[in-house]
There are 2 protein chains.
Amino acid sequence: MHIAGTRARIRPMPPSALSTSAEEPVTLRERKKQRTRRALADTAVTLFGARGFDGTPLDALLEQVEVSRRTFFRNFRSKEDVALTAVKQLWDAYLEAVDAAEKSGPLADVLLGAMLATLERMDEDWYRRFPPTLRLVADSPALDGHALRHCAEVQEELVRRLGVPDRLELRLLIEFFVAAWHCTLDEWLPDCAPGELPALLRRSFASMTSALTLEA
Amino acid sequence: MHIAGTRARIRPMPPSALSTSAEEPVTLRERKKQRTRRALADTAVTLFGARGFDGTPLDALLEQVEVSRRTFFRNFRSKEDVALTAVKQLWDAYLEAVDAAEKSGPLADVLLGAMLATLERMDEDWYRRFPPTLRLVADSPALDGHALRHCAEVQEELVRRLGVPDRLELRLLIEFFVAAWHCTLDEWLPDCAPGELPALLRRSFASMTSALTLEA
DNA sequence: AGCGAAAGTGCCACAGTGTGGCATTGGCTC
DNA sequence: GAGCCAATGCCACACTGTGGCACTTTCGCT
């Protein structure tokens, strides 16, 4: 339902942490922390991928990375959170891309262009971790719920950053954009060939207008 | 992300239970069970509404209704589940309405018409419980995640029931429909005047095409 | 270099959710 | 009525997430 605005504020958590094209932090402390976070996120995907998200106790992950529960929860909000690291990285990068994009012409094209730019910017490591993450999400309702919730937050953020007079149409457009993205992922999921994702996304966008006039 | 098809099957739970226009079950046993479920769902909305969803332990609800934890979990999948009863009732009714609708002309109109019909069918009791439920969802990320997840399941079901040659466009349309519905609820939420909901929904639908061509 | 401050970490205990096992109750069927 | 069976209640347990506190490491400053 994700109603915008009235939502209770969420605590910030370490500032987005692992961004893909990260400027390496200078202090030793920060780098150490980053390494722990990265190890947790990486191991989470492989471990959950092997034994299932619901079927893997958090302790299994902690044991493998040799980190205490207390430390884990200082770095991630929840078990779902660490599993969805790749997804969050994508959206973080996307928001940056939207900020950087030139806002002229049809807004739909701006949103599409920003995503295409984002997909180009993501590195090889991300493309290795994203597909397994999607499969995790597809297999665990709990994870899916968290992913959708995160998406809703991104949408609110987009509305905030793209603010225009007519709120309703902007909200609709952003919802449509995310919807098209989800449909695209559905089609991409079986093969997950990185090169095909932009083409699939363009195809989804091209189908949007005709979808509205689809006959029974 | 809600990828269709590959999703793990969910256990059925008592057949939807509390439907709004329910044919009363004959046996005393069934009626008793229904009463318990109804009491749990009703009390949940008021109790969570008063003390917050996250701030209310499940035990508080169980104590008030005088039901053991074991019994509760035989009737509802989770704490979130019971809180979202009104939402689930709506979608259950909507799926029925879609089945009953005549599938001719633009599919978007079919989907819209089915929702308008559903809104007319919902009884007064439901209109009393739905707005508080929405506010609960707006205040608790966990609830929102569950609600979105449920929505995704409904969408998969819709694709299944409306199956047409071109899957992509159908999926897109259904996503757009749900998106429009969510936007409508956002606008309805502040006042929650039952009579205004259909008009708001029509307005959202009318804005769909222009949203796609919105200029920056 | 050294030293105090601050941040990160580990360990422990606890609240809350959700599940399995098993006895008991209460309604349904004959 | 008597037996049968579903529903319930009670107990114990696994797992997630949090708070408190002590200990170690790093940072910034002298």
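Some points to look at:
- Of the helices (runs of 4 or more DSSP H) lying entirely inside segment B:25-90, the ones with 1 or more residues being near DNA strand C (Cβ under 8 Å from one of its atoms) and within 16 Å of B:Ala142 (Cβ to Cβ) are found at B:58-65, B:79-83.
- Within segment A:196-216, being open to solvent by 10 Å² or more (accessible area, probe 1.4 Å) and more than 7 Å from chain B (Cβ to nearest Cβ) holds for A:Glu196, A:Pro198, A:Ala199, A:Leu200, A:Arg202, A:Arg203, A:Phe205, A:Ala206.
- Selection within segment A:128-144 - open to solvent by less than 40 Å² (accessible area, probe 1.4 Å) and touching a residue at least 12 places away in the same chain (Cβ under 8 Å): A:Arg129, A:Phe130, A:Pro131, A:Thr133, A:Leu134, A:Leu136, A:Val137, A:Ala138, A:Ser140, A:Leu143
- Qualifying residue in segment B:104-111 (condition: surrounded by fewer than 14 Cβ atoms within 10 Å (Cβ to Cβ), within 16 Å of DNA strand D (Cβ to nearest atom) and small (Gly, Ala, Ser)): no
- Among (1) closer than 21 Å to B:Glu80 by Cβ; (2) more than 7 Å from every other protein chain (Cβ to nearest Cβ); (3) open to solvent by less than 10 Å² (accessible area, probe 1.4 Å) - the single one B:Ala152 does not satisfy: (2)
- Considering residues of segment A:160-195 that are assigned to a helix (DSSP H, G or I) and exposed (fewer than 14 other Cβ atoms within 10 Å of the Cβ) only, the residue nearest to the other protein chains (Cβ to nearest Cβ): A:Arg161
- Residues in segment A:50-68 that are open to solvent by 80 Å² or more (accessible area, probe 1.4 Å) and on the phi > 0 side of the Ramachandran plot: 1 in all.
- Among the candidates B:Thr6, B:Thr71, B:Thr46, B:Thr85, residue that is near DNA strand D (Cβ under 10 Å from one of its atoms) and either open to solvent by 30 Å² or more (accessible area, probe 1.4 Å) or at pLDDT 95 or above (or both): B:Thr71
The values are calculated or read from the model by the stated rules, or taken from the named source; none is laboratory data. In this text, all values refer to a predicted model and were calculated from it rather than measured experimentally. Please note: Cβ atoms are built from the backbone with ideal geometry, for glycine as well, and neighbour counts cover all protein chains shown. Quick note on the areas: whole protein, heavy atoms, side chains included, nothing else; ligands and nucleic acids left out. Shrake-Rupley method; radii C 1.70, N 1.55, O 1.52, S 1.80 Å.
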